[in-house]
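Presented below is the structure to which this report refers.
The values are calculated or read from the model by the stated rules, or taken from the named source; none is laboratory data. A quick note: this is a predicted structure, and the numbers were derived from the prediction, not measured. When we count neighbours, we look across all protein chains shown, and the Cβ atoms used for this are built from the backbone with ideal geometry, even at glycine.
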Amino acid sequence: MRKSMAVVSCAGMAGLLSACSGAWDVEGLQSSKVSGSAFDQALRDEYVRLATYERVQDDWRDTAAYVSRGKLAAMGTPPEPEAIADRDLPDDKVAELTAARATLMRYMTPAYKSSQPKNLALAQGGYECWMEQQEENWQLDDIAACKQQFEAAIKAMEPAKAAPVAAMPGQSYVVYFNFNSAKLEGDALQVIREAAQTFKSAKAARADLAGHADRSGASAFNDRLSSLRAEAVGEALMKQGIPEAAITISAFGESDLAVSTPDGAKEPRNRRVTIKIVK
């Protein structure tokens with residue numbers, strides 16, 4: 001981790017030395033009062049961790065950057081994940097990190113900040129230290145560790161482990177499932193209750209269910225699994241008062257993906273049942 005030009009600048013301007021050292025005040029950041037949400041608290045703590053490590057490495061530029069970003073989080077105005085253009089990345093790493101940021105931004109929603117504050121903060125911290133280390137591009141263990149932190153946090157926030165949400169409120173809903181499972185978990189039943197309420201209030205004619213699977217496992221197995229998922233949602237709708245005759249079930253296995261993946265890939269957004277309310 002290289003020393004930044006900011007150190008030279010501060011060292012050469014004695015009158016500004018105290019101001020410069022304030023930019024590296026990790027202890028001050030750590031003791032600061034967080035005025036925002038649980039996510040803001042977790043993100044501030046993550047920046048404290050990153051700044052502490054960078055200061056030990058005499059990387060004063062990134063220490064100051066993390067302290068500054070941590071202060072924003074503590075004030076309840078957390079910064080967005082660093083943009084790709086913020087770092088001078090090796091050309092062969094731009095695509096991978098661009099995809100990583102796009103993945104992270106899909107989780108930067110009020111729902112995930114509320115339900116997964118720690119994991120979301122770990123994902124942002126992992127992504128930003130991955131960016132930083134990849135820019136420097138020589139400490140391979142640090143690059144791998146930051147990337148691993150990012151990927152583990154993202155995995156922990158898979159839709160089936162967070163809150164399945166309505167895709168288009170009022171007409172279509174999506175219920176997500178865990179890997180190789182047709183069990184309704186998490187907030188799946190809440191989504192189904194909302195769909196049932198929509199059906200009743202709209203005096204709808206049908207609830208069309210479509211079961212899906214990701215591309216991990218054999219095609220025949222996924223056909224059966226997608227059917228079981230749709231049947232589980234259908235049974236739950238009937239318990240909410242929707243007539244069996246009004247429910248239609250289709251199973252698509254791995255043939256109609258929400259997210260295109262290679263064969264064998266595990267993708268939580270493909271493990272789903274869509275509920276379409278038809279008037």
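Please list, ordered by residue number, the helices (runs of 4 or more DSSP H) wholly in the stretch 52-138 having 1 or more residues that are touching a Ser or Thr at 6+ places or on another chain (Cβ under 6 Å).
Working: elements: 60-74, 94-106, 110-115, 117-136.
Output list reads 60-74.
Of the residues that make up the stretch 105-112, is at least one in contact (Cβ under 8 Å) with a residue 12 or more places away in the chain, in the same structural domain as GLU136 (by TED's automatic domain parsing) and closer than 26 Å to TRP138 by Cα?
Checked against the condition, which is being in contact (Cβ under 8 Å) with a residue 12 or more places away in the chain, in the same structural domain as GLU136 (by TED's automatic domain parsing) and closer than 26 Å to TRP138 by Cα, the stretch 105-112 yields no hits at all.
How many residues does the stretch 20-51 contain that are part of a loop (DSSP other than H, G, I, E, B) and either farther than 17 Å from ALA121 by Cα or among the aliphatic types (A, V, I, L, M) (or both)? Let's see the steps before the verdict.
As a first pass, look at the stretch 20-51 and keep what is part of a loop (DSSP other than H, G, I, E, B): 23-25, 31-37.
Among the residues that remain, those that are also either farther than 17 Å from ALA121 by Cα or among the aliphatic types (A, V, I, L, M) (or both) are: 23-25, 31-34.
The qualifying residues number 7.
So SER216 clears everything in (1) at pLDDT below 95; (2) surrounded by fewer than 18 Cβ atoms within 10 Å (Cβ to Cβ) except one condition, right? Which one?
Failing condition for SER216: (2).
Restricting to the stretch 198-216, count the residues that are in contact (Cβ under 8 Å) with a residue 40 or more places away in the chain and more than 14 Å from THR248 (Cβ to Cβ). Step through it out loud before you land on a result.
Filtering the stretch 198-216 down to residues in contact (Cβ under 8 Å) with a residue 40 or more places away in the chain leaves 198-200, 202-216.
Next, only the ones that are more than 14 Å from THR248 (Cβ to Cβ) stay: 198, 200, 202-203, 212-216.
Going through the stretch 198-216 one residue at a time, the tally reaches 9.
Out of all the residues in the stretch 113-127, which are over 20 Å from ASP91 (Cβ atoms) and either surrounded by fewer than 21 Cβ atoms within 10 Å (Cβ to Cβ) or not hydrophobic (A, V, I, L, M, F, W, C) (or both)?
Of the residues in the stretch 113-127, the ones over 20 Å from ASP91 (Cβ atoms) are 113-126.
Passing the criteria: LYS113, SER114, SER115, GLN116, PRO117, LYS118, ASN119, GLN124, GLY125, GLY126.
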